[in-house]
Amino acid sequence: MADARIFQDLKADHDRHRTMLAKLGDAPTEKRADLFEELRVELQAHAAAEEESLYATMLAVPDLRDDARHSVSEHKEVDDFLGDLVKLDPASAEWTETFDKMRHRYLHHIGEEEEDMFPEAAKMLNELEEARLANIFEDRKPKELELAEEEKPGDDRD
């Protein structure tokens, strides 16, 4: 069911991301760099942990494979935006324009996940599998936060 712990974990992150995006979007330019760095680390860690847990399992299920591939490609798109934003001056109009595009794409992405992908995945996963995925996500997320603090978007991982 779509209210299993793995989906609750992911939705809680999404809710936190919505709040962070709104705060950053409304922030004065002198606070953007710090708020953006917090968001960048959080989004990169979330995406990696989600891919290592839910998406890895979905890729092994033929009926879920296309959704997982689509979501991975959207993670890459958001990561590319983050890489662009890292290089731009947070006080510039170009930064604001790029941030607005990234925010729009990410909000679209998490909306698709919550409305379409999570319910479809929930139909294919049993309670034991959902619990296993939650454990993987909850174990990986703190580790991915540490890695994301050290790495910028576009850095290659081994």
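The values are calculated or read from the model by the stated rules, or taken from the named source; none is laboratory data. All of these numbers come straight from a predicted model, not from anything done at the bench. So basically every Cβ, Gly included, is an ideal-geometry build from the backbone, and we count neighbours across all protein chains shown.
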Of the candidates Val72, Val61, the one satisfying the condition of being in contact with a helix residue (DSSP H, G or I) (Cβ under 7 Å, 6 or more places away or on another chain), in contact (Cβ under 8 Å) with a residue 60 or more places away in the chain and among the β-branched types (Val, Ile, Thr) is Val61
Checked Ala93, Ala33, Ala60 against criteria (closer than 24 Å to Asn126 by Cβ and surrounded by fewer than 18 Cβ atoms within 10 Å (Cβ to Cβ)); the one match is Ala60
Asp100 fails exactly one of (1) surrounded by fewer than 16 Cβ atoms within 10 Å (Cβ to Cβ); (2) assigned to a helix (DSSP H, G or I); (3) in contact with a Ser or Thr (Cβ under 9 Å, 6 or more places away or on another chain), namely (3)
Within segment 6-56, residues more than 15 Å from the chain's Cα centre (by Cα) and part of a helix (DSSP H, G or I) come out as Ala22, Lys23, Leu24, Gly25, Asp26, Thr29, Glu30, Lys31, Arg32, Ala33, Asp34, Leu35
Subset of segment 106-138, residues surrounded by fewer than 15 Cβ atoms within 10 Å (Cβ to Cβ), free of Cβ contacts under 8 Å to residues at least 24 places away in the same chain and over 16 Å from the mean Cα position of the chain (by Cα), comes to Lys123, Asn126, Leu128, Asn135
Residue pairs qualifying under the 6 Å Cβ cut-off, at least six apart or on distinct chains, with the first in segment 9-34 being more than 19 Å from Glu97 (Cα to Cα) and the second being modelled with pLDDT of 95 or more, are Asp9/Ala134; Asp9/Phe137; Asp13/His46; His14/Ile110
Quiz item: In segment 68-82, is there at least one residue being within 24 Å of Ala4 (Cα to Cα) and among the β-branched types (Val, Ile, Thr)?
Solution: yes
